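The values are calculated or read from the model by the stated rules, or taken from the named source; none is laboratory data. Fair warning: this is a prediction, and the values are worked out from it, not measured in the lab. For neighbour counting, all protein chains shown are included, and Cβ atoms are generated from backbone atoms with ideal geometry for every residue, glycine included.
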Amino acid sequence: MPLPERNDMKRYDLIVVGAGPSGLSAAIEASKRGVKTIVFDENARPGGQLFKQIHKFFGSKEHKAKIRGFVIGQQLLDEAGKAGVEVVLNATVIGLYQDKEIVVKTGDTVHHYKGDSIIIATGASENMVTFDGWTLPGVIGAGAAQTLMNLHGIKPGKRVLMLGSGNVGLVVSFQLMQAGCEVAALVDAAPEIGGYGVHAAKVARTGVPFYLSHTIVKAEGTDHVTGVTIAAVDDHFRFIPGTEKHFDVDTICVAVGLSPMSQLLKMAGCRMSDDPKRGGQVPIIDGHGETSIPGLFAAGDVSGIEEASSAMIEGRQAGIYAAEFLGFISKTEMDNGEEKLDAALDGLRQGMFAPKNRGKNIEKTEEGIDISRNLLCRGFIGDDEIERFPGVTHKAGVHPVIECTQNIPCNPCQDACAMHCIMVGKVITALPAVDPSLKCADCGMCVASCSGQAIFLVNEDCGDGTATVTLPYEFLPVPDEGTRGRALGRNGQEVCDAEVVKIRTSPAYDHTTLLTMSVPKEFAMKARFFKANA
Amino acid sequence: MEQELIWDLEQEKQRIMVHPILGRIEKGRRVKFTYDGREVEGYEGEPIAAALKAQGVMIHRYTAKKHSPRGIFCAIGRCTDCVMVVDGEPNIRTCITPLREGMTVQTQYGVSAEPFENQ
């Protein structure tokens, strides 16, 4: 191995650590303002985790809502290219020292760089839990599953048990099914589902059972995973004897949260705090993302776990702040640049899943409607609960039924409807309401635009004793028109016979197929998924 | 010739050929490499671990002290569970090391390619 060589130290106006959504956004904004910027990332490709996100994002237009994560990633790379951002890959920043000097390892060599300002955008790493057999091959992180299937086209396993019902666990469970894997069960020690109800509901309606207040007793197998035993836990997370359940699986996927990768900031001597609402050890930052060390900023998950949309906004803001710190723009120019971003970020931080509401027990929506207990504890809304939500109305002919029942910052459905049937209003977290007095054109745009896959087009009475239900379908194979099978309810149980009467695809639907099935009319408000006969 | 066809069929099972969102999965050139002395195939540029996973390989190494098996865990080069002996060099993170034609990939026992009974 050659000895590490020490080159002359290179100087940049701004050094960004991490080329994920936040770091790239920061570098773009700084570069646009004339700041000489360099970005280091330890990975072989830029974009962080964005290229593994194949679902449509939440938010509104300004947050790139209803665009899939990997497409947003490509847009960000294109923008970085245009802005002339210099990104060095396979480069691990191993030290951050006094006077903003960093040490970067590439291959077997180490280089020193000095920045007049530094933005740390290192993101987060996955948490893990231990149980008997947790080191066996076949126990993987949820991120590993996403990497294998969405980046490399490899199925993580044939039959998978998911531990963790946060958004990562829910989204990855759905993605596993899209990749052709079977999900045996979704398990969480907590008594309530941690992620968005709509993400849970789209998994539950395919027939995946949810086991809340359960966790893994042991992973079975000698050389690799051949099965798993779970059991119920009491209020103190102790196993309840006699409640064990066994599943034959070859893969156990663990999605139990993320922790900020804030080691560099700690190393540099920034003031830190241990903040469970932010996910662990985070730097104490001011309103401008600046740490206790002037000119050293933090943006994205490293300063508190959220998601990619807010990380991108925080990154852009940090880039603007750094430009002002360095004197490239005035304070007024800075304020002008970030006002819109502030509003956009604020919009994402509203609703019952907002960072400020973490750990709170919320029983009613902002509209004062009781939240579905079934949704929280079993992953689906009960047939007896659905009617109380404003997206569920009735009329003759085809009309949208919106099963969106929690206040989350998202509104593409409102823009999708050219007939203005759907109303979210100014408050982006409001539950969408359907106005039954307006005509529905049955265009399907609302169904395809809903990132939570919570919108159905229903004709409750076709006049011949049948009803039709149009649902979003993102699996292969897509059944042909005329295919007979069974309709599944919100809980994934078979409710009645069904026949596919229409399949619609369109570039405007962005890979979401619209499947219309015919069911006996008494099941119009119960049938929510289609399973072809074997 | 017959052998190759069998490999292709085996790979169909673990590889996603067409994805509902991503469409047809684009891969590099198909190349040969050796895994524990056996000639196998993968796609150039994909992580070694991905090529092995496509073959159904679960165990990448055995730990030095307890000799317990390890495989892919984080798949992003962080946990080092998936390290193997690659071209004679131990501790290579197979999940982030691109596959090249003719590579020699061996199960790692402790820090060696020699099984424990021969060490």
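Quick notes on this structure:
- Number of residues in the range B:70-91 that are under 13 Å from B:Val111 (Cα atoms), out of contact with any Lys or Arg (no Cβ under 7 Å at 6 or more places or on another chain) and crowded, with 21+ Cβ neighbours inside 10 Å equals 2.
- Hits in the range A:146-187 - residues which are more than 14 Å from chain B (Cβ to nearest Cβ), crowded, with 22+ Cβ neighbours inside 10 Å and in contact with a His (Cβ under 7 Å, 6 or more places away or on another chain): A:Leu170, A:Val187
- All positions within the range A:375-399 that are more than 28 Å from A:Leu438 (Cα to Cα) and either without any contact (Cβ under 8 Å) to a residue 12 or more places away in the chain or in a loop (DSSP other than H, G, I, E, B) (or both): A:Gly379, A:Phe380
- Filtered residue count, the range A:32-64, keeping only those that are over 17 Å from A:Gln75 (Cβ atoms) and within 10 Å of chain B (Cβ to nearest Cβ): 3
- One residue stands out in the range A:120-141 among those that are small (Gly, Ala, Ser) and either assigned to a loop (DSSP other than H, G, I, E, B) or more than 10 Å from every other protein chain (Cβ to nearest Cβ) (or both): the one that is nearest to A:Ala308 (Cα to Cα), namely A:Gly123.
- Taking the criterion of being crowded, with 18+ Cβ neighbours inside 10 Å and charged (D, E, K, R), the residues of the range A:485-498 that qualify are A:Arg486, A:Arg490.
- Matching residues in the range A:339-392 - criterion: being on the phi > 0 side of the Ramachandran plot and in contact with a Lys or Arg (Cβ under 8 Å, 6 or more places away or on another chain): A:Gly359
- Residues located in the range A:447-481, provided they are in contact (Cβ under 8 Å) with a residue 24 or more places away in the chain and within 14 Å of chain B (Cβ to nearest Cβ): A:Ala448, A:Ser451, A:Gln453, A:Pro472, A:Tyr473, A:Glu474, A:Phe475, A:Leu476, A:Val478, A:Pro479
- Any chance A:Val519 is crowded, with 21+ Cβ neighbours inside 10 Å and either away from chain B (no Cβ under 14 Å) or out of contact with any strand residue (DSSP E or B) (no Cβ under 6 Å at 6 or more places or on another chain) (or both): yes
- Yes/no for A:Asp415 being assigned to a loop (DSSP other than H, G, I, E, B), over 24 Å from A:Gly279 (Cα atoms) and either in the same structural domain as A:Ala508 (by TED's automatic domain parsing) or over 25 Å from the mean Cα position of the chain (by Cα) (or both): no
- Test for A:Ala44: is it surrounded by fewer than 18 Cβ atoms within 10 Å (Cβ to Cβ) and closer than 20 Å to A:Val93 by Cβ: yes
- Restricting the range B:20-64 to residues that are assigned to a loop (DSSP other than H, G, I, E, B) and hydrophobic (A, V, I, L, M, F, W, C) leaves a set whose member that is surrounded by the fewest Cβ atoms within 10 Å (Cβ to Cβ) is B:Ala64.
- A count restricted to the range A:220-270 and to residues that are within 14 Å of A:Ala185 (Cα to Cα) and not charged (D, E, K, R) stands at 14.
- Given (1) crowded, with 22+ Cβ neighbours inside 10 Å; (2) under 21 Å from the mean Cα position of the chain (by Cα), number of the condition A:Tyr321 does not satisfy: (2)
- Selected residue (only one of A:Asp78, A:Asp99 is among the charged types (D, E, K, R), more than 30 Å from A:Cys253 (Cα to Cα), in a helix (DSSP H, G or I) and over 28 Å from the mean Cα position of the chain (by Cα)): A:Asp99
- Flag for B:Ile96 being surrounded by fewer than 21 Cβ atoms within 10 Å (Cβ to Cβ) and in contact (Cβ under 8 Å) with a residue 40 or more places away in the chain: yes
- Filter result for B:Leu9 (at pLDDT below 95 and more than 9 Å from chain A (Cβ to nearest Cβ)): yes
- Within the range A:188-226, being under 25 Å from A:Ala354 (Cβ atoms), among the aliphatic types (A, V, I, L, M) and crowded, with 19+ Cβ neighbours inside 10 Å holds for A:Ala189, A:Ile193, A:Val198, A:Ala200, A:Ala201, A:Val203, A:Ala204, A:Leu212.
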